[in-house]
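The structure appears right after this line, and notes come after that.
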Amino acid sequence: MLEIERKFLVTGDGYQTAAPVYFRQGYLSSLPERIVRVRECGSQAFITIKGKNEGATRVEFEYEIPVEEACELFKLCEQPLIEKNRYRFPYTGFVWEVDEFLGENAGLVIAEIELPSEDTVFEKPNWVGEEVTTDSRYYNSNLILNPYRNW
């Protein structure tokens, strides 16, 4: 399965129209060629395998796992874990996901949009700023190695 995702910095709070969901995620592998992530969000947990980014596109496989297993896998993950609140915001036919990072990455707010193709035209909400899709500093897997508070 292909994931086509673009990322942007957030410049306002207009996305806060619904209650956020708390996410906790860790990385068993954060190599750019293959990322293996464990994520707990609400009452669900997932293990995700992602390939290397080619622009805004990469392969992605995601499987639901029991929350108890995710909690055990977090003990094997690189540290620190990523913590964030996620807001989902529908806008002009697409759903934007906005992550407000916590802990070591507090102060960072990123908006993401998944698209059917890299050349899909879309409208940005007025609180969406600079695109950072290809800036690897903003990859969640890199935020464990170089947290936002150290920038």
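Considering only region 4-21, I want to know if a residue exists there that is over 16 Å from PHE89 (Cα atoms), touching an Asp or Glu at 6+ places or on another chain (Cβ under 8 Å) and of a type outside the set (Asp, Glu). Yes: region 4-21 contains one or more residues that are over 16 Å from PHE89 (Cα atoms), touching an Asp or Glu at 6+ places or on another chain (Cβ under 8 Å) and of a type outside the set (Asp, Glu). I'd like to check something: does region 114-137 contain any residue that is open to solvent by less than 60 Å² (accessible area, probe 1.4 Å), of a type in the set (Ser, Thr, Tyr), out of contact with any strand residue (DSSP E or B) (no Cβ under 7 Å at 6 or more places or on another chain) and within 23 Å of SER29 (Cα to Cα)? Yes, region 114-137 contains at least one residue that is open to solvent by less than 60 Å² (accessible area, probe 1.4 Å), of a type in the set (Ser, Thr, Tyr), out of contact with any strand residue (DSSP E or B) (no Cβ under 7 Å at 6 or more places or on another chain) and within 23 Å of SER29 (Cα to Cα).
Residue-by-condition table, conditions (1) open to solvent by 20 Å² or more (accessible area, probe 1.4 Å); (2) more than 20 Å from TRP96 (Cα to Cα); (3) touching a residue at least 24 places away in the same chain (Cβ under 8 Å):
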residue: ASP13; (1), (2), (3): yes, no, yes
residue: THR17; (1), (2), (3): yes, no, yes
residue: TYR22; (1), (2), (3): yes, no, yes
residue: GLN25; (1), (2), (3): no, no, yes
residue: ARG34; (1), (2), (3): yes, yes, no
residue: GLU40; (1), (2), (3): yes, no, yes
residue: SER43; (1), (2), (3): yes, yes, yes
residue: ILE47; (1), (2), (3): yes, yes, yes
residue: LYS52; (1), (2), (3): yes, yes, no
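In the set (1) in a strand (DSSP E or B); (2) within 21 Å of PHE8 (Cβ to Cβ); (3) of a type in the set (Ser, Thr, Tyr), THR48 fails one condition alone, (2).
The values are calculated or read from the model by the stated rules, or taken from the named source; none is laboratory data. No experiment lies behind these values; they were computed from the predicted model shown. Neighbour counts are summed over all protein chains in view; Cβ atoms, including those assigned to glycine, are modelled from backbone coordinates with ideal geometry. Side chains included, ligands, DNA and RNA excluded: accessible areas come from the protein's heavy atoms. Shrake-Rupley method; radii C 1.70, N 1.55, O 1.52, S 1.80 Å.
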